[in-house]
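Notes to accompany the following structure.
The values are calculated or read from the model by the stated rules, or taken from the named source; none is laboratory data. Quantities reported herein were computed from a predicted structural model and do not represent experimental measurements. Here Cβ is always computed from backbone atoms with ideal geometry, including for glycine, and neighbour counts include all displayed protein chains.
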Amino acid sequence: MSDEPENVALVPQPKYRADSLIPFANEWEAMQQMAAVLVESGFLPPTLNTPQKALTVLLAGRELGVPPMQAIRGIHVVNGRPSLSAELMLALAYQNIRGFRFKVEASNEQVCRITAQRPQAEPVTLSFTISDAGRAGLTNGDNWKKYPAAMLRARCTSAILR
């Protein structure tokens with residue numbers, strides 16, 4: 001056995017076509033295989049329990065230019081629809097809006113207040129309170145009971161970015 005590395009033939013991959021919403025053949029096959037492996041791994045959220053559901057999240061991420069594993073972590077299925085997490089929304093804003101500004105003015109278990117600003121635009125400030133969450137029927141969930149400040153930040157972040 002030689003210590004020299006073997007020559008590995010690489011298969012040329014087609015370039016990503018940002019103007020195409022439909023994956024090209026090799027990409028589609030790779031995404032299907034990836035979805036099947038991810039589901040089989042058992043490391044996905046319980047809502048992504050079939051290759052088809054995982055593939056749907058991968059496709060949603062692809063449309064936004066989000067890599068597969070980031071899509072799995074940052075796109076959640078809510079009421080049967082893929083929805084972006086607050087963290088992914090914020091990352092995409094920083095990535096795609098040159099000069100974007102975002103500041104958490106207050107964050108605790110009672111209120112979150114955030115100011116955001118696009119270049120050449122007036123800043124916008126929004127807040128989300130535990131009272132707002134209660135009126136919306138959100139505070140009964142485990143995460144709201146255990147991590148109210150984090151949940152308020154996520155709600156306020158997604159609201160201001162929408």
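Just a few scattered comments:
- Pairs with Cβ under 7 Å, 6+ apart, first in the stretch 22-44 and assigned to a loop (DSSP other than H, G, I, E, B), second surrounded by 12 or more Cβ atoms within 10 Å (Cβ to Cβ): Pro23/Met31; Pro23/Arg62; Leu44/Leu38; Leu44/Ala54; Leu44/Ile72
- Tally, over the stretch 111-150, of residues that are crowded, with 16+ Cβ neighbours inside 10 Å and acidic (Asp, Glu): 1
- Candidate set: the stretch 12-54, residues that are modelled with pLDDT under 90 and of a type in the set (Gly, Ala, Ser); chosen: the one nearest to the chain's Cα centre (by Cα): Ala18
- For Pro119, the test of being modelled with pLDDT under 95, of a type outside the set (Val, Ile, Thr) and closer than 20 Å to Met89 by Cα is passed.
- For the stretch 126-162, the set of residues classified as charged (D, E, K, R) and farther than 9 Å from Cys112 by Cβ consists of Asp132, Arg135, Asp142, Lys145, Lys146, Arg162, listed by residue number.
- Considering the stretch 52-110, the residues that are touching a residue at least 40 places away in the same chain (Cβ under 8 Å) and closer than 16 Å to Glu27 by Cα include one that is surrounded by the fewest Cβ atoms within 10 Å (Cβ to Cβ), namely Glu63.
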